[in-house]
Protein chains: 2
Amino acid sequence: MGNFIASKEEEYSKWYLDIVQEAKLVDYSPVKGCMVIMPYGYAIWERIKGVLDEKFKETGHENAYFPLLIPYEFLEREKKHVEGFSPELAVVTTAGGEVLAEPLVLRPTSETIIWNMYSKWVKSYRDLPIKINQWANIIRWEKRTRPFLRTTEFLWQEGHTAHETEEEAESETLFILNLYKKFIEDYLAIPVFCGQKSEKERFAGAVATYTIEALMQDKKALQAGTSHYLGLNFAKAFDVRFQNKKGEMQHVFATSWGVSTRLIGALIMVHSDNKGLILPPKIAPIELIIIPIFKRDDEVNRRILEYATTIFEHLKREKFRVDIDKDIKNSPGFRFSSAELKGIPVRIEVGSNDILMGCVTIARRDKDKTSKYQVSVKELSSKLKDELESMQCDLFRRALEFRNLNTKEIMGVGAHSYATFKTYIDEHLGFVLSSWCGSEMCEESIKSDTKATIRCIPEDFKNRSLDNLTCIYCNTEAKYLVLFAKSY
Amino acid sequence: MGNFIASKEEEYSKWYLDIVQEAKLVDYSPVKGCMVIMPYGYAIWERIKGVLDEKFKETGHENAYFPLLIPYEFLEREKKHVEGFSPELAVVTTAGGEVLAEPLVLRPTSETIIWNMYSKWVKSYRDLPIKINQWANIIRWEKRTRPFLRTTEFLWQEGHTAHETEEEAESETLFILNLYKKFIEDYLAIPVFCGQKSEKERFAGAVATYTIEALMQDKKALQAGTSHYLGLNFAKAFDVRFQNKKGEMQHVFATSWGVSTRLIGALIMVHSDNKGLILPPKIAPIELIIIPIFKRDDEVNRRILEYATTIFEHLKREKFRVDIDKDIKNSPGFRFSSAELKGIPVRIEVGSNDILMGCVTIARRDKDKTSKYQVSVKELSSKLKDELESMQCDLFRRALEFRNLNTKEIMGVGAHSYATFKTYIDEHLGFVLSSWCGSEMCEESIKSDTKATIRCIPEDFKNRSLDNLTCIYCNTEAKYLVLFAKSY
């Protein structure tokens, strides 16, 4: 098991690919860039989906479903949108044995088809707001793909809301950004920086794009979710107008936002180790695995299995997501490795010694084997609750320490600052907080020079003074503090 | 409201289309034959999905996700499969700005891509059974479409299982058939006939197709779900072999099965009336709607709303799916009609008279207005539980009576039987239970003559004797009792 996985320190990229395959999260399909999400990988997605779906509904959003196929002409109606998505489109030209008069594209995102429908649905301010979410598959023809992180087909949710006023739409954009941040931090135990994207990195068709940026263990950043304020761009493109309270006709303000199966990639890359996956308890499809330690004696084994099964049933009743491993052929060591590979947060060993003591032995996935200990069956439930909670906190804290350790400030304060910046980005990677004049020229020069991009204008540092700071590249007056990083 | 809906008796087809639009279940999209499933329609689908998903998981099935795009060549590997699906395929020929070397089809069903993966996953009997389900969108290029019943894109679940033995695969096929039947009868309150399809009506690539057939209010039948025993057809096409317990290599036995958003069409057509939708309580997204009856007095209205809100909160805590209508502008009559249009099972009226008495007034969607009555707040919960349960039973019973009334036996017993059969099918429609020799010639002759097809060889009558019966068409010896009907 464990030895099929490359070392994270030596071959990070192979390590990642080994984990997704060995833990049976995905498999490669015969269609280039399209992954098969296997049952265990899909179970993680179902956990993510379940939690987010509930949060969306609690806050007044409804689910709906819009067509996969979009007339190409729809994309052309928003100039930047079509520019941004054209290179990635897959196009249906033939259907039902006939060449189509108008080609249909597979949705790369659904703003156009949805706003076409909103033009039918919105007539008066009484029809607003519309807050619709869709769970769907998306196709973007990517040149270089990697399971979960960038695939030709992926699963996501996309929210599309329509509002009377600019303020309301902007506040929805930030509300969702914050909902994402809280979810990713609380459930996935991944610390994130939030903030606006630079104009260059904006979603094609947005007025403002807000992003959530996480740091992987190879110190590259990953965009984990985005929330866009679309202004009137799509309302104008699809002529969506309504009669406002004053009786005047006006266009509708829009937002859109999404997270995808990419989150599973982030989850793997932030927490896992050379033994395999490590899943935060709150998102793990299986929180606990009971592993009876069988002997060479059938009668003893019968009793061990009976004892383990009683505990299993008890924990199920207590609403733990628990599994039991009844494999009698393989060694305990092999079975421990399998459970570790799958990232199950807590292992519960049941041996004959445990039975004698009225105990079980529990081991946490994120700690080494010397830390495992016996717990009496009586105390088991409450002890497990504690361990799962503290594991969740520990994983977040560890990731946060790593992120902070790898977030460096290198401000523009003179001509040689950029040299320091460049050397640091090249050698250390991570996030670099720096000062920028706001020009796309500097942004592009830095990118072509270092491969680092502006990840966002972080909210976290928005109260910091820019006094005396200059652009890290051109040395003119700084207008923004921004986070640079190499990224996925 | 109600008056936008055509009369079921006069214009059945328009009545159906009016309901799906007026109750905001679907809207037409700009892409021919593709529907937009609106929030209320999607909420019904989420209820169906939630219940079925739980039943699949309880019985050892796991969810996964396979690619939308399938190499055309895969379909060609199973001769009947490609013959059956070729006319309906949508084909991607261009992607990422380039013409594809090999065209990719949008999945019309996923047997081929899944069995291609199973060939990688199955090596030994220890890898079996595989019991995977997928929730996905499906594309079939249909010439004549109708919302929910037949659309170019629809949502469904498709189960694909792999087994060591023929017996196990056959038993899975029937297990799922029975699961579907129970679900459709218990939750959707739709009585169904189960049975095998004739060879002509079989799924393209199956050894045996089992179906579930329901009768709509226009006395046409609707296929509501299918479960296929695929034998070794796909294992052979994709060379899926395993080492069995004796150490020999053998092919894997397969099943596949699915139900789709078509079920929503059945739900509408079986229960609804000229006022709109009627939803069985167990599947209704909203079981109860509280409608405060406002007056022309603000202070009275404040108290009515407060009283109604207390009841609303109470019923929510009791886990009812309950909504409250705070609309103060429209008349109670208008608001009652809206709730009726949406098919909400029970309406709870709260007027000032109710408050004085410590009561509310409850009205069931499936009964006329003279049957509404007052209930004390104290007894409300238990009374509502009773009403919802008995409404569920009543709807099923009513549909069953209708179905039985419209299921006629006309057996082949002599030369003039077919004339009776034909007249009956033409004039009365409904199911006709008849005797058949088993030849495709007779089956096709009957179809071209009467437009009725063999819906299934029903399980319900399998113990009936065929003695002295002849084929209703050719008068030779009868081999099967079959149900004929005109259908969707």
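The values are calculated or read from the model by the stated rules, or taken from the named source; none is laboratory data. This is a predicted model, so every value here is computed, not measured. Positions of Cβ are generated from backbone atoms using ideal geometry, with glycine treated the same way; all protein chains shown enter the neighbour counts. Quick note on the areas: whole protein, heavy atoms, side chains included, nothing else; ligands and nucleic acids left out. Shrake-Rupley method; radii C 1.70, N 1.55, O 1.52, S 1.80 Å.
Overview of results
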read-out: Positive-end residue, the stretch A:12-271 charge dipole about Cα centroid, Cβ charges, pick of A:Thr211, A:Gly258, A:Pro71; value: A:Thr211
read-out: Debye intensity ratio in log₁₀ form over the Cα atoms of chain A, taken at each q of 0.06, 0.12, 0.13 Å⁻¹; value: -0.34, -1.13, -1.24
read-out: The stretch A:286-386 - Rg over Rh from alpha carbon coordinates, Kirkwood radius; value: 0.92
read-out: Candidates per trypsin sites (Lys or Arg not before Pro) in the stretch B:244-278, loop by DSSP, up to 10 other Cβ within 10 Å; value: B:Lys245, B:Lys246
read-out: Alpha carbon centroid spacing (whole Å) that separates the stretch A:119-144 from the stretch B:418-488; value: 48 Å
read-out: Part-to-part distance (alpha-carbon centres) for the stretch B:150-208 and the stretch A:247-314, which is given in Å; value: 31 Å
read-out: Probe 1.4 Å - accessible area at A:Val482, Å² to nearest ten; value: 0 Å²
read-out: Rounded to whole Å, sorted largest first: equivalent-ellipsoid semi-axes of the stretch B:314-363, Cα gyration tensor; value: 18, 17, 10
read-out: Unit charges at the beta carbon, dipole of chain B: most positive-side option, B:Pro87, B:Ala237, B:Tyr28; value: B:Tyr28
read-out: For the stretch A:1-47, average projected area of the Cα convex hull in nm²; value: 4.0 nm²
read-out: Under the Debye formula (equal points on every Cα, no solvent term), log10 I(q)/I(0) of the stretch B:12-271 at q = 0.16, 0.17 Å⁻¹; value: -1.28, -1.41
read-out: Cubic angstrom per residue, convex hull over Cα atoms of the stretch B:160-264; value: 102 Å³
read-out: DSSP bridge orientation in the stretch B:407-485 - percent antiparallel, rounded to nearest 5; value: 75 percent
read-out: Accessible area in square angstrom per residue, the stretch B:407-485, 1.4 angstrom probe; value: 49 Å²
read-out: Cα-based helix-to-principal-axis angle, B:39-58 vs chain B, degrees rounded to 10; value: 60 degrees
read-out: Dipole moment magnitude, nearest 20 debye, the stretch B:85-181 about Cα centre, only Lys, Arg, Asp, Glu C-beta charged; value: 440 debye
read-out: Per residue convex hull volume, Cα atoms of the stretch B:141-222, in Å³; value: 138 Å³
read-out: Percent carbon-and-sulfur accessible area, chain B, ignoring ligands, DNA and RNA, probe 1.4 Å; value: 50 percent
read-out: Nearest-ten-degree value, helix B:380-405 long axis tilted from longest Cα axis of chain B; value: 50 degrees
read-out: Percentage, to the nearest whole number, of Cα pairs in the stretch A:407-485 over 16 Å apart; value: 41 percent
read-out: Distance (nanometres) between label positions extended 7 Å along Cα→Cβ at B:Asn301 and B:Glu166; value: 7.4 nm
read-out: CD proxy at 222 nm, helix term only [per DSSP H run n ≥ 4: -39500 (n - 2.57); per residue of chain A; nearest 500]; value: -11500 deg cm²/dmol
read-out: Translational diffusion coefficient (Stokes-Einstein; Kirkwood radius from C-alpha pairs) of the stretch B:243-345 at 10 °C, 1.306 mPa s, in µm²/s; value: 92 µm²/s
read-out: Theoretical gain in end-to-end length, A:Glu199 to A:Arg126 [0.36 nm per residue, Cα-Cα removed]; value: 22.9 nm
read-out: Nearest 10 degrees, 0 to 90: helix B:440-450 Cα axis against chain B principal axis; value: 40 degrees
read-out: Positive-pole candidate from B:Pro458, A:Thr310, B:Trp156, dipole of the protein assembly as shown, charges at beta carbon; value: A:Thr310
read-out: Value in Å of the Kirkwood radius, where the protein assembly as shown supplies the Cα pairs that are averaged; value: 31.3 Å
read-out: Protein accessible surface hidden between A and B, which excludes ligands and nucleic acids, total in Å², probe 1.4 Å; value: 4100 Å²
read-out: Potential extension, B:Lys32-B:Thr93 segment - 0.36 nm per residue separation minus Cα distance; value: 20.0 nm
read-out: Convex hull projection area averaged over all views, the stretch B:1-119, Cα basis, nm²; value: 12.0 nm²
read-out: Inter-site label distance for A:Ser13 and A:Asp368 at 7 Å from Cα along Cβ, in nm; value: 3.2 nm
